[in-house]
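Data first, discussion second: the structure below is written as structure tokens.
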Amino acid sequence: MFNRGKVEQVGAPPEIYERPVSAFVAGFVGVSNLIRGPLAEALTGADSLLSVRPEKIRLAEPGAPVPANCYSAEGRIQDVIYLGMYTHYQVTLAGGGELAVVEQNLRGSSSEAQAARGRPVQLIWERQHMSVIPQEPG
């Protein structure tokens, strides 16, 4: 992966997608949520830049149990875009910031998806699906 004439990451497509080494790479190979600041510190105990893909996050009811191998954040669904096979949710986090969530439409209808706008939610994702992005090159 080249950025301004410099190689930022070399690897197999799954490795580059799942474990990007920079914000540039994370965004180049698809949509990625970049988490920093207070939320990153609350999740990991360090002020790091983190990446988690929207399809790796699931929506749950507020207060839902969080498995030990998962991270979670509370928020409110700000926007809903129904796209046939899947729905894209933009969630405003209680502690500030936003995360994108993509869910495949396996059940429910477009009107049910649209009705989720404004609903409080808990976002849950497995720890293995979140990457720490090293300090930006250069």
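The values are calculated or read from the model by the stated rules, or taken from the named source; none is laboratory data. Not measured: the values here are computed from a predicted model. Ideal geometry is used to build each Cβ from the backbone, glycine not excepted, and the neighbour counts take in all protein chains shown.
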Inset, instruction - Would you check if there is a residue in region 75-90 being surrounded by 14 or more Cβ atoms within 10 Å (Cβ to Cβ), out of contact with any strand residue (DSSP E or B) (no Cβ under 7 Å at 6 or more places or on another chain), of a type outside the set (Val, Ile, Thr) and not in a loop (DSSP other than H, G, I, E, B)? - result: yes
Inset, instruction - Pull up region 113-129, narrow it to residues that are in contact (Cβ under 8 Å) with a residue 60 or more places away in the chain and either more than 16 Å from residue 72 (Cα to Cα) or among the β-branched types (Val, Ile, Thr) (or both), then point me to the one that is surrounded by the most Cβ atoms within 10 Å (Cβ to Cβ). - result: 121
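Taking the criterion of being surrounded by 12 or more Cβ atoms within 10 Å (Cβ to Cβ), touching a residue at least 24 places away in the same chain (Cβ under 8 Å) and within 20 Å of residue 32 (Cβ to Cβ), would at least one residue in region 103-112 satisfy it?
Looking for residues that are surrounded by 12 or more Cβ atoms within 10 Å (Cβ to Cβ), touching a residue at least 24 places away in the same chain (Cβ under 8 Å) and within 20 Å of residue 32 (Cβ to Cβ), one finds at least one in region 103-112, hence yes.
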Inset, instruction - Look through 116, 100 and report the one residue that is out of contact with any Cys (no Cβ under 6 Å at 6 or more places or on another chain), part of a loop (DSSP other than H, G, I, E, B) and either over 24 Å from residue 22 (Cα atoms) or modelled with pLDDT of 95 or more (or both). - result: 116
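Listed here are the residues, each with its yes/no results for (1) closer than 28 Å to residue 105 by Cβ; (2) in contact with a strand residue (DSSP E or B) (Cβ under 9 Å, 6 or more places away or on another chain); (3) modelled with pLDDT of 90 or more.
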| position | (1), (2), (3) |
| --- | --- |
| 8 | no, yes, no |
| 17 | yes, no, no |
| 28 | yes, yes, no |
| 32 | yes, yes, yes |
| 46 | no, yes, no |
| 49 | no, yes, yes |
| 52 | yes, yes, yes |
| 64 | yes, yes, yes |
| 72 | yes, yes, yes |
Legend entry - Flag for residue 102 being within 23 Å of residue 30 (Cα to Cα) and in contact with a helix residue (DSSP H, G or I) (Cβ under 7 Å, 6 or more places away or on another chain): yes
Inset, instruction - Residues being loosely packed, with under 13 Cβ neighbours inside 10 Å, small (Gly, Ala, Ser) and part of a loop (DSSP other than H, G, I, E, B): count how many of those fall in region 1-54. - result: 5
